[in-house]
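Chemist: Take a look at the following structure, please.
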Amino acid sequence: MSAEKKLAIIATKGSLDWAYPPFILASTAAALGYETQIFFTFYGLQLLRKRLSLEVTPLGNPGMPMPMAMDKWFPVLLTALPGMQSMMTTMMKKKMKAKGVASIEELRSLCQEADVKLIACQMTVDLFDMDTSEFIDGVEYGGAATFFEFAGETDICLYI
Amino acid sequence: MADFDQELDASGLNCPLPILRAKKTLSGMESGKILHVIATDPGSVKDFEAFAKQTGNELMESSEQGGKFQFLIKKA
């Protein structure tokens, strides 16, 4: 048994695709018996909103597979067209649903059920004047020192 | 396939949901009881092996039949 193991993750990104790694890894680690904490900073704080509005963008992302192999022939500049982002987000969500990939909301609540501690960076909250009433319940607030208090004792520490 | 006490159908679910659902179901079971999991995610074969190794629950059987993966897990 690995009941003593610990995992700390720093989540820094606020897009739909990058929302997955922290929540997938944290929920799985918790299921494997890890004590787990995620520290949300900068754009990662978007992942704590009650009403998520996460999107993916093909802009500046040459690695993103697009429908009809558009990533191969579609001019890069046109990925900046209005509506492209929301179209790609809709298609991505549809594909995820069809493939049985969990939604971010579901993974996030599985994390909370499994006692994954979610910590929001107080400095970023202040910096962007974020309204914490828009965040889900159960979030704790702290700074770099709070993060290290746990991270210093972990077996795995990831920056995402 | 041997007898089991509880069944979990994780068909159509992708990583990491089969593992998370299995973990949740096992939490509600008594030690020594056997859980039968059905999954369609090909990655679940390796994942259940790894899950068993790390949690101490015993993977008694792992098999495939017509695109469905079946696992028998004994709760530690």
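Chemist: Based on this model, can you work out whether A:ILE24 counts as at pLDDT 95 or above and either more than 21 Å from A:MET123 (Cα to Cα) or buried (at least 22 other Cβ atoms within 10 Å of the Cβ) (or both)?
Modeler: yes
Chemist: Please note which strands (runs of 3 or more DSSP E) are completely contained in segment B:1-68 and include at least 3 residues that are buried (at least 19 other Cβ atoms within 10 Å of the Cβ).
Modeler: Here the list reads B:34-39.
Chemist: From the list B:LEU20, B:LEU8, which residue is of a type outside the set (Val, Ile, Thr) and in contact with a His (Cβ under 8 Å, 6 or more places away or on another chain)?
Modeler: B:LEU8
Chemist: Any idea which residue in segment A:66-110 is surrounded by the most Cβ atoms within 10 Å (Cβ to Cβ), counting only those that are among the β-branched types (Val, Ile, Thr) and more than 14 Å from chain B (Cβ to nearest Cβ)?
Modeler: A:THR79
Chemist: Separate question: Would you be able to tell me the number of residues in segment A:1-35 that are of a type in the set (A, V, I, L, M), within 14 Å of chain B (Cβ to nearest Cβ) and outside any helix (DSSP H, G or I)?
Modeler: Adding up the residues that qualify gives 4.
Chemist: Run A:ASP155 past the list (1) touching a residue at least 12 places away in the same chain (Cβ under 8 Å); (2) surrounded by fewer than 15 Cβ atoms within 10 Å (Cβ to Cβ); (3) under 18 Å from the mean Cα position of the chain (by Cα); (4) over 18 Å from A:THR12 (Cβ atoms) and report the number of the one that doesn't hold.
Modeler: (3)
Chemist: So which of A:MET64, A:MET68, A:MET87, A:MET91 is closer than 19 Å to A:PRO21 by Cβ, among the aliphatic types (A, V, I, L, M) and modelled with pLDDT under 95?
Modeler: Unique residue meeting the criteria: A:MET64.
Chemist: A follow-up question, please. Can A:LEU47 be described as among the hydrophobic types (A, V, I, L, M, F, W, C) and in contact with a Pro (Cβ under 9 Å, 6 or more places away or on another chain)?
Modeler: Judged against the criteria, A:LEU47 is a match.
Chemist: Right, another one. So in segment A:111-152, with the set limited to residues that are touching a residue at least 60 places away in the same chain (Cβ under 8 Å) and within 14 Å of chain B (Cβ to nearest Cβ), which one is farthest from A:PHE42 (Cα to Cα)?
Modeler: A:ALA114
Chemist: A further question follows. Does A:LEU118 satisfy the condition of being closer than 26 Å to A:ALA26 by Cα and in contact with a Phe, Trp or Tyr (Cβ under 8 Å, 6 or more places away or on another chain)?
Modeler: yes
Chemist: Restricting attention to segment A:36-58, does a residue exist that is under 19 Å from the mean Cα position of the chain (by Cα) and within 14 Å of chain B (Cβ to nearest Cβ)?
Modeler: Checked against the condition, which is being under 19 Å from the mean Cα position of the chain (by Cα) and within 14 Å of chain B (Cβ to nearest Cβ), segment A:36-58 yields at least one hit.
The values are calculated or read from the model by the stated rules, or taken from the named source; none is laboratory data. The shown structure was predicted, so the numbers you read here are calculated from the model rather than taken from an experiment. In this analysis, Cβ positions are derived from the backbone assuming ideal geometry, glycine residues included, and neighbour counts consider all displayed protein chains.
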